[in-house]
Amino acid sequence: MKTQYYTAASLDGFIATEDHSLEWLFPLGDVETTSYPTFIKDVGALVMGSSTYEWMLRHVVLPKDKPSAPWPYEQPTWVMSSRRLPEVPGANLHFASGDVRPVHQAATVAAGGKNVWVVGGGDLAGQFYDAGLLDELFVQIGSVTLGAGRPLLPRAITSPPLILRGVRAVGTGFAELHYEVPRT
């Protein structure tokens with residue numbers, strides 16, 4: 001069982017624009033050609049921040065320009081937020097705030113031996129890193145720059161550095177990087 005941050009970022013290190021848009025991401029490639037289909041099979045629970053959750057609501061569950069859809073994950077999902085957010089009927093959602101350690105503990109139990117996915121954002125992944133709970137990062141680096149936005153991982157991680165475990169090209173739009181978080 002591992003706790004993994006799996007995401008995409010622009011070449012200059014942003015996971016979303018300043019207004020939380022991901023529109024830059026979709027023209028770059030097909031998610032089915034990345035490691036995502038294999039990755040998600042080993043995920044037993046998810047943890048995401050409120051901005052990620054709200055993006056999912058606006059673009060997947062209740063989009064303005066398409067019919068509504070069910071929550072896309074069967075796995076139990078924890079949403080970290082200091083605000084009260086709308087719930088999705090039928091989804092296995094848990095809302096929490098504060099320290100990520102008790103959330104990680106609950107997600108680990110719920111995952112039943114599978115991995116815990118820290119979906120986003122970057123600050124949430126940083127909180128898992130700060131607590132010594134993050135094991136791996138999978139980052140799809142897109143062939144675009146945004147100039148500003150929501151950072152991939154707003155932390156200084158220099159000593160010890162992350163350990164590169166794999167690199168592969170994904171189509172013409174992405175380089176997929178796999179890092180291990182060393183234990184001190």
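Extension gain, R84 to V167: 0.36 nm times the residue separation minus the Cα-Cα distance gives 25.9 nm. Its relative contact order, with pairs defined as Cα atoms under 8 Å and 6+ residues apart, puts region 44-184 at 23 percent.
The distance from the alpha carbon centre of region 1-52 to that of region 67-144 is 12 Å, rounded to a whole number. Largest mean-square fluctuation among S51, S68, S143, in a Gaussian network model of the chain whose springs join Cα atoms under 10 Å apart, belongs to S68. How fast does region 3-180 diffuse by Stokes-Einstein, in µm²/s, taking the Kirkwood radius from C-alpha pairs at 10 °C and 1.306 mPa s? Taking Rh from Cα pairs, D becomes 95 µm²/s. For F95, nonlocal amide neighbours, meaning residues 5 or more places apart or on other chains whose placed amide H falls under 5 Å from its own, are V79.
Here the Karplus relation 6.51 cos²θ - 1.76 cosθ + 1.60, evaluated at θ = phi - 60°, turns the backbone of region 168-174 into coupling constants of 8, 7, 10, x, 9, x, 9 Hz, with x for every Gly and Pro. Note on the chain: helix-only mean residue ellipticity at 222 nm, from DSSP H runs of 4+ residues weighted -39500 (n - 2.57) and normalised by residue number, equals -5000 deg cm²/dmol.
Near V43, the amide H atoms lying under 5 Å from its own belong to N115; only residues 5 or more places off or on other chains count, and H is placed 1.01 Å from N. Phi angles across region 119-127 convert, under the Karplus curve 6.51 cos²θ - 1.76 cosθ + 1.60 with θ = phi - 60°, into 3J(HN,Hα) values of 6, x, x, x, 5, 4, 4, x, 5 Hz, Gly and Pro given as x.
Both radii come from the Cα set of region 70-118: Rg as radius of gyration, Rh as Kirkwood radius; their ratio Rg/Rh reads 0.95.
Placing unit charges on the Cβ atoms of the charged side chains and taking the dipole of the chain about its Cα centre, the candidate lying farthest along the positive direction among P72, L28, A9 is P72. Give me the percent of DSSP beta bridges within the chain that run antiparallel, rounded to the nearest 5. DSSP beta bridges in the chain are roughly 40 percent antiparallel. Here the Karplus curve 6.51 cos²θ - 1.76 cosθ + 1.60, taken at θ = phi - 60°, turns the phi angles of region 30-35 into couplings of 9, 4, 5, 8, 8, 7 Hz, with x standing for Gly and Pro. Using Cβ point charges alone (K and R +1, D and E -1), the dipole size of the chain about the Cα centre works out to roughly 300 debye.
Using equal-weight Cα scatterers in the Debye expression, the normalised intensity of region 87-172 in log10 at q = 0.15, 0.19, 0.26 Å⁻¹ is -0.76, -1.11, -1.45. Given an 8 Å cut-off on Cα distances and at least 6 residues of separation, report the relative contact order of region 103-163 as a percent. Dividing the mean separation by the residue count of region 103-163 yields 35 percent.
Read-outs throughout are calculated quantities, based only on the coordinates presented, and are distinct from any laboratory measurement. This one's a predicted model, so the numbers in the text were calculated from it and none came from an experiment. When we count neighbours, we look across all protein chains shown, and the Cβ atoms used for this are built from the backbone with ideal geometry, even at glycine.
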